[in-house]
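The values are calculated or read from the model by the stated rules, or taken from the named source; none is laboratory data. Here the structure is a predicted model, which is why all the values come from computation and not from measurement. Here Cβ is always computed from backbone atoms with ideal geometry, including for glycine, and neighbour counts include all displayed protein chains. Remember, those area values only see protein heavy atoms, side chains included, never the ligands or the DNA or RNA. Shrake-Rupley method; radii C 1.70, N 1.55, O 1.52, S 1.80 Å.
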Amino acid sequence: MRPSACAKGGPLSRASERTKTVVAALLGLVVLAGAGALLVAWLGLYNVAASSGHWPIVERFLRFGMENSVKARASGEPAPSLDDDDLIRLGAGHFHAGCAFCHGAPGTPISPVAAGMMPSPPDLKQRVGHWRDQDLFRIVKHGIKYAGMPAFPVLGRDDEVWAVVAFLRRLPVLDEAGYRALAAGEVEEEPQSGQEIATGEASEEGAIGACARCHGAQTGPKSRLVPNLHGQPREMLAEALKSYASRERQSGVMQTMAAGLTEQSINRLAGYYAGLPPVAQRPLATEPDAARMERGRKLAEEGEVSGEIPACLSCHAPGRSPLYPRLAGQSARYLAGQLHVWKSGLNDRTALGAIMAPIARRLSADQIADVAAFLASQPAADEARR
Amino acid sequence: MSVARLTLLVASLPALAGCSEIQSALAPRGPDAERILTLGLVLLVGAIAILLIVLVALVLALYGSDRWRRRLASANAVKLGGLAFPIVTLTILLGYGIWLMREELAAAVRPPALRIEVTGEQWWWRLAYLQPDGSRIAEANEIRIPVGQEVEFALNAADVIHSFWVPSLGGKLDMVPGRTNRLRLTAQREGIYRGQCAEYCGGPHALMALEIVAMPAEAFERWLAAAASPPEPVTEAARAGRDLFHRSGCGACHAIRGTEARGAVGPDLSRLGGRRFLAAASLRLDEDSIGRFIHDGQSLKPGNQMPEFRIFSATELRMLSAYLASLK
């Protein structure tokens with residue numbers, strides 16, 4: 001407003017007087033509303049009890065806001081192919097440990113404890129069809145504020161989040177047996193004796209923490225995205241579990257599983273898998289071509305001096321430090337996935353990750369594919385028994 | 001500050017550079033460096049003289065008598081001072097420079113006493129002593145040469161442009177990926193001459209230094225011949241360190257002659273214990289510093305290509321250090 005226009009008492013000056021009054025009234029209202037809100041909070045007038053629920057109109061408004069927020073913020077990037085057995089099995093393994101307690105699962109209704117939440121966790125079978133892949137990704141990765149839906153334990157591992165989304169897409173068509181096969185693998189909940197159930201010796205909860213659900217025990221891992229632990233060095237396995245438990249190594253799936261383990265159980269677990277004889281990975285549907293294998297062999301055995309890449313097998317071979325994993329016989333998808341995780345800047349905080357991260361960053365995507373294909377083709381050596 | 005003190009300070013600056021003779025173009029210890037200094041001094045004295053003449057002319061043009069001002073404004077003054085004088089001076093200087101460099105030009109046909117290949121890499125120097133039989137002895141970062149003998153350095157670069165400069169012995173020469181530049185140096189006196197990568201090459205460029213150790217010819221020959229018989233670790237700790245070195249995969253990047261370690265990514269460690277410095281002359285070498293570099297290398301030389309090996313305990317670091325320090 002130009003001061004010169006209001007200097008003398010003209011029509012403009014009267015208009016400005018009116019504006020001033022309106023602004024003052026609005027300010028007064030804002031202050032009053034603030035004071036009112038403070039009073040409501042102070043006196044405890046609003047009922048925060050989960051049991052009290054929302055008025056239907058409030059409920060509808062909140063859902064409206066939530067759905068629009070998720071859709072507006074979901075990534076526009078195309079989703080990876082989700083009709084992928086390896087991805088679905090990995091996602092199922094995590095769903096069983098991380099999601100089923102609140103959301104239930106085929107054959108297991110939502111826990112009465114979780115059902116008492118406000119809002120209560122939805123039955124995902126009914127709800128997943130409502131969302132696009134990217135929306136589900138957004139919800140699984142970032143969670144939903146005020147709804148009790150947590151964010152994924154690690155925000156850098158989109159590959160793991162997609163695994164959960166892939167499983168959610170499969171969920172609506174799963175019956176109890178189908179779900180068990182995916183989420184529990186070879187771990188079977190045998191009918192237990194009354195005493196076992198009563199004393200918790202072999203409880204249903206125990207099966208949730210079972211490593212063999214994903215990594216196998218009698219057989220190998222059920223997903224090619226899961227590492228083969230059989231016959232790996234005990235020290236390496238223990239270090240990996242400790243770094244997951246301390247959340248220094250980034251994996252939402254493994255942090256969830258390792259968080260509750262004591263040092264003693266970590267050492268026992270590591271000893272168990274270290275003592276198992278190596279098992280073969282499920283082979284890929286298509287064999288990699290010979291040129292790729294040869295490039296991978298050269299990189300694994302000789303490295304590449306011009307790219308400052310040391311030979312993988314200088315460290316990752318039998319007879320080397322037991323802190324280093326043995327890579328022969330791991331699945332190509334798992335190896336490539338881990339190298340990409342390092343390349344993306346994750347997992348470099350632990351003492352062991354600090355060694356591998358800079359080396360992985362020097363590898364191109366093609367080199368990663370080459371070397372993963374070669375190492376996967378190699379037979380795992382039975383070190384513990386030699 | 002008074003004019004006298006300022007003059008004194010400025011005048012003493014070159015002397016300050018001469019304080020540390022280990023890396024100074026003002027303290028030449030080889031014929032190449034001597035010629036560069038001579039040429040530099042001629043240029044400096046000449047430039048001062050010319051500057052004085054110009055200043056005198058300027059003062060005369062501003063405050064001089066009318067006769068002087070007329071002379072300076074004449075066409076002859078411009079022809080003489082602006083054309084003839086630079087042509088004559090620069091021609092003489094060019095002739096003098098070529099005459100001074102006749103040694104270098106002749107060197108191309110004279111066989112050197114020793115050939116050493118130096119490859120600049122981020123951020124260290126890969127060395128190879130070329131033997132008469134065609135074999136190569138790998139070394140890194142510390143160049144030993146026989147005193148009084150002409151050595152030819154074949155300069156390469158593995159990644160980006162580096163520059164090889166040991167000011168006390170000679171001029172600066174760039175190391176360019178894909179081509180070999182040749183430099184001849186002779187150390188006239190025994191001693192240690194420090195050099196520096198003189199072309200910014202990224203990250204820890206400032207910590208990419210080297211040393212040339214000029215030693216008596218017989219001692220040099222003995223040292224070079226000893227490369228054929230690598231030492232065996234004698235102490236308990238050194239033997240444990242050797243086993244740990246191989247088990248931990250250090251040989252993926254580093255080579256130690258006579259062992260299974262044949263990595264060519266990083267510096268050759270066959271005679272690490274005999275060097276004065278670690279990490280391209282950036283860290284004084286002793287058993288303590290070897291362990292520290294293995295464990296905390298990224299703090300000591302930030303950005304260097306070797307990952308930190310924080311997996312080693314203090315005892316393991318001592319064992320590794322004992323082994324590496326025993327390699328002489």
task = Determine the per residue accessible area of chain B with all protein chains present and a 1.4 angstrom probe, expressed in square angstrom.
result = 52 Å²
inquiry  = Tell me the net charge near residue B:35. Cut-off is 15 Å between Cβ atoms, residue B:35 excluded, with +1 for each Lys or Arg and -1 for each Asp or Glu.
reply    = -1
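Going through the DSSP H helices of chain A, which span 20 Å or more along their own axis at the Cα atoms while scoring at least 0.0 as a mean Kyte-Doolittle hydropathy?
Details: long enough: A:11-43 (48 Å, 1.24); A:56-73 (26 Å, -0.26).
Qualifying helices, which must be both long enough and hydrophobic enough, are A:11-43.
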remark   = Rounded to the nearest 100 Å², the accessible area hidden between B and A, summed over both chains at a 1.4 Å probe radius, is 1500 Å²
inquiry  = Along the charge dipole of the range A:218-323, pointing to its positive end and built from +1/-1 on Cβ of Lys, Arg, Asp and Glu, which listed residue (A:265, A:226, A:314) has its Cα farthest out?
reply    = A:265
key: Built amide H within the under 5 Å cut-off of residue B:278, gap 5+   = B:283, B:284, B:285
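Work out the length of the dipole vector of the range B:114-225 about its Cα centre, built from +1 on the beta-carbon of each Lys and Arg and -1 on the beta-carbon of each Asp and Glu, and round it to the nearest 20 debye. Don't skip to the end; give the middle numbers.
Numbers: 11 positive and 14 negative charges, 34 e Å.
That gives a dipole near 160 debye.
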key: Net charge of Cβ neighbours under 9 Å - reference residue B:127; Lys, Arg +1; Asp, Glu -1   = -3
key: Net charge over other residues, Cβ less than 14 angstrom from the Cβ of residue A:253 (K, R count +1; D, E count -1)   = +3
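If you count only protein heavy atoms with a 1.4 Å probe, what accessible area per residue comes out for chain A, rounded to a whole Å²? If you can, show how the numbers build up before the last one.
Working: 21220 Å² over 386 residues.
Ligands and nucleic acids excluded, the figure is 55 Å² per residue.
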request  = Compare A:276, B:62 by solvent-accessible area with a 1.4 Å probe and give them largest first, with all protein chains kept in place.
outcome  = B:62, A:276
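Below 8 Å, C-alpha to C-alpha, sequence gap of six or more: please give me the relative contact order for chain B in percent.
Values: 576 pairs, mean separation 51.6, N = 328.
Relative contact order for chain B comes out at 16 percent.
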Surface/4 estimate of mean projected area, convex hull on alpha-carbon atoms of the protein assembly as shown, nm² = 58.1 nm²
Positive dipole terminus of the protein assembly as shown, leading residue within B:134, B:278, B:176 (C-beta point charges) = B:176
request  = Using R₀ = 45 Å, calculate the FRET efficiency as 1/(1 + (r/R₀)^6) where r is the Cβ-Cβ separation of residue B:92 and residue B:225; round to 0.05.
outcome  = 0.35
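Grab the beta carbon distance between residue B:247 and residue B:104, set R0 = 41 Å, and tell me the FRET efficiency rounded to 0.05. Write down the numbers at each step before the final one.
Details: r = 50 Å, r/R0 = 1.22.
FRET efficiency, residue B:247 to residue B:104: 0.25.
For a test of the definition: using alpha carbon positions, the gyration tensor, and the 1.5 limit on a/c, classify the range B:236-325 as rounded, prolate or oblate.
Values: a/c = 1.29, a/b = 1.16, b/c = 1.11.
Rounded shape, in that the Cα axes give a/c under 1.5.
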query = How much mean residue ellipticity at 222 nm does the protein assembly as shown get from its helices, if each DSSP H run of length 4 or more adds -39500 (n - 2.57) and you divide by all residues, to the nearest 500 deg cm²/dmol?
reply = -14500 deg cm²/dmol
query = Roughly to the nearest percent, how much of the accessible area of the protein assembly as shown is carbon and sulfur, given a 1.4 Å probe?
reply = 62 percent
inquiry  = With just the Cα atoms defining each centre, how far is the range B:267-295 from the range A:48-62? Give it in Å.
reply    = 69 Å
inquiry  = Take residue A:67 and residue A:38, extend 7 Å from each Cα along the Cα→Cβ direction, and tell me the distance between the two endpoints in nm.
reply    = 3.8 nm
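State which helices in chain B qualify, where a helix is a whole DSSP H run, it must extend 20 Å or more along its own axis by its Cα atoms, and its mean Kyte-Doolittle hydropathy must be at least 0.5.
B:3-19, B:31-63, B:85-100
From the cross-link list A:141/A:242; A:71/A:242; B:172/B:301, which pairs have alpha carbons spaced over 27 Å apart?
On the way: A:141/A:242 24 Å; A:71/A:242 37 Å; B:172/B:301 24 Å.
Beyond 27 Å between Cα atoms: A:71/A:242.
Show A:95, A:64, B:85 ordered by accessible area, largest first, where the area counts protein heavy atoms only and the probe is 1.4 Å. Don't skip to the answer; put the middle values down first.
Numbers: A:95 0, A:64 130, B:85 90 Å².
Largest accessible area first, the list is A:64, B:85, A:95.
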query = Based on Cβ point charges of +1 for Lys and Arg and -1 for Asp and Glu, what charge dipole magnitude is obtained for the protein assembly as shown about its Cα centre, in debye rounded to the nearest 20?
reply = 3160 debye
request  = Heavy atoms only, probe 1.4 angstrom, no DNA, RNA or ligands counted: give me B:69, A:320 ranked by accessible area, highest first.
outcome  = B:69, A:320
